[in-house]
Amino acid sequence: MAAIEAIRTATINAAKALGLSGTIGRIAIGLSAELIVLGGDPLADLTCFSAPVWVVAQGGIVLGRRRTRD
């Protein structure tokens, strides 16, 4: 499976399978989002998902175990 297909399977396709594509699975106005910032190109190396630089969840930036809100 190509890297882009693996990413789609974990995001867009998973949301569709769960019946939640109107709420999650993509970045769009009005949808819930948890985002990760990676230190590499996931299309070139999927292992960069194992060590995200930042995680944005529930309106705050999560760095390791510490969470901040602005």
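The numbers here are math on the coordinates, done by the rules we state, and not lab data. Owing to the predicted nature of the structure, the values given are computational and were not obtained by experimental measurement. With ideal geometry, Cβ positions are generated from the backbone for all residues, glycine too; neighbour counts draw on all protein chains shown.
Condition first: surrounded by 12 or more Cβ atoms within 10 Å (Cβ to Cβ), free of Cβ contacts under 8 Å to residues at least 24 places away in the same chain and closer than 20 Å to Ala57 by Cβ. Now tell me which residues in the range 1-20 satisfy that.
Result: Ala10, Thr11, Ile12, Ala14, Ala15, Leu20.
From Ala17, Ala33, Ala3, which residue is within 13 Å of the chain's Cα centre (by Cα) and not hydroxyl-bearing (Ser, Thr, Tyr)?
Values: Ala17 fails: within 13 Å of the chain's Cα centre (by Cα); Ala3 fails: within 13 Å of the chain's Cα centre (by Cα).
Selected residue: Ala33, the only one of Ala17, Ala33, Ala3 that is within 13 Å of the chain's Cα centre (by Cα) and not hydroxyl-bearing (Ser, Thr, Tyr).
Within the range 33-56, how many residues are surrounded by 11 or more Cβ atoms within 10 Å (Cβ to Cβ) and part of a loop (DSSP other than H, G, I, E, B)?
8
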